[in-house]
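What follows is a short report on a single structure.
The values are calculated or read from the model by the stated rules, or taken from the named source; none is laboratory data. On a predicted model such as this, the values are computed, not experimentally measured, just so you know. Counting neighbours? That spans all protein chains shown, and the Cβs are built from the backbone with ideal geometry, glycine included. Side chains are part of the model used for accessible areas, which takes the heavy atoms of the whole protein and leaves out ligands, DNA and RNA. Shrake-Rupley method; radii C 1.70, N 1.55, O 1.52, S 1.80 Å.
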Amino acid sequence: MVQYRKMTLEDVPTVHAIEVATFPTPWTLDSFYYELNENQFSHYLVAENEAGELVGFCGLWLVIDTAQITNVAVVESVRGQGIGEALMREAVRVAKEANMDVMSLEVRVTNTVAQNLYRKLGFQDGGIRKGYYTDNQENALVMWVNL
């Protein structure tokens, strides 16, 4: 059974390790500390398995009336088990509780697995950000959903 909760400072090293294992241009450790300590708009969730191990996380910014997903990652060995979907559903719940009107995110145009998940959750295509990803200048698909 996986449980979902708000991220704490003690979670940062593990969350950063998941980030590094998942993304070609990962955020720094200091970025996550900044998000928790300094960024008044950020809200981070973690997925924790029965053994107390973190197996995923999701970050979002809540600004005025818009929620922006910053990053979502699940440990490779447990992908495909619904953890990413549950994290996204928790993020939507948090955004609704904060009275956000819309949620948006960017996803690589080649990441069809993630795009399919977001569409399952009601996200629509909103446009393309050309050269968005710095590692290979891949375009990002902007997706959004009304809350």
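Given V72, V78, which one is of a type outside the set (S, T, N, Q) and under 12 Å from the mean Cα position of the chain (by Cα)?
Checking each option against the conditions leaves just V72.
Which ones in region 115-140 are free of Cβ contacts under 8 Å to residues at least 12 places away in the same chain and either on the phi > 0 side of the Ramachandran plot or touching a Gly at 6+ places or on another chain (Cβ under 9 Å) (or both)?
G131, Q137 - these are the residues of region 115-140 that are free of Cβ contacts under 8 Å to residues at least 12 places away in the same chain and either on the phi > 0 side of the Ramachandran plot or touching a Gly at 6+ places or on another chain (Cβ under 9 Å) (or both).
Give the number of residues within region 100-130 that are in contact with a helix residue (DSSP H, G or I) (Cβ under 7 Å, 6 or more places away or on another chain) and either β-branched (V, I, T) or at pLDDT below 95 (or both).
Count: 1.
Please work out which residue is farthest from A21 (Cα to Cα), limiting yourself to region 40-55 and to residues that are of a type in the set (A, V, I, L, M, F, W, C) and in a strand (DSSP E or B).
L45
Taking L29 as the residue in question, decide whether it is open to solvent by 40 Å² or more (accessible area, probe 1.4 Å) and touching a helix residue (DSSP H, G or I) at 6+ places or on another chain (Cβ under 7 Å).
So L29 passes the test.
Out of the residues in region 56-68 that are in a strand (DSSP E or B) and open to solvent by 10 Å² or more (accessible area, probe 1.4 Å), which is farthest from A86 (Cα to Cα)?
V63
Filter region 1-38 down to residues that are without any contact (Cβ under 8 Å) to a residue 40 or more places away in the chain and not in a helix (DSSP H, G or I), then give me how many there are.
The number of residues fulfilling the criteria is 4.
Could we say that M100 is assigned to a loop (DSSP other than H, G, I, E, B), at negative phi, open to solvent by less than 40 Å² (accessible area, probe 1.4 Å) and not charged (D, E, K, R) here?
For M100, the condition - assigned to a loop (DSSP other than H, G, I, E, B), at negative phi, open to solvent by less than 40 Å² (accessible area, probe 1.4 Å) and not charged (D, E, K, R) - is met.
Go over the candidates E53, E35 one by one and state the one that is among the charged types (D, E, K, R), surrounded by fewer than 20 Cβ atoms within 10 Å (Cβ to Cβ), more than 10 Å from the chain's Cα centre (by Cα) and more than 19 Å from L141 (Cβ to Cβ).
It is E53.
Which residues, taken from region 110-143, are open to solvent by 60 Å² or more (accessible area, probe 1.4 Å), touching a strand residue (DSSP E or B) at 6+ places or on another chain (Cβ under 6 Å) and assigned to a loop (DSSP other than H, G, I, E, B)?
Y132
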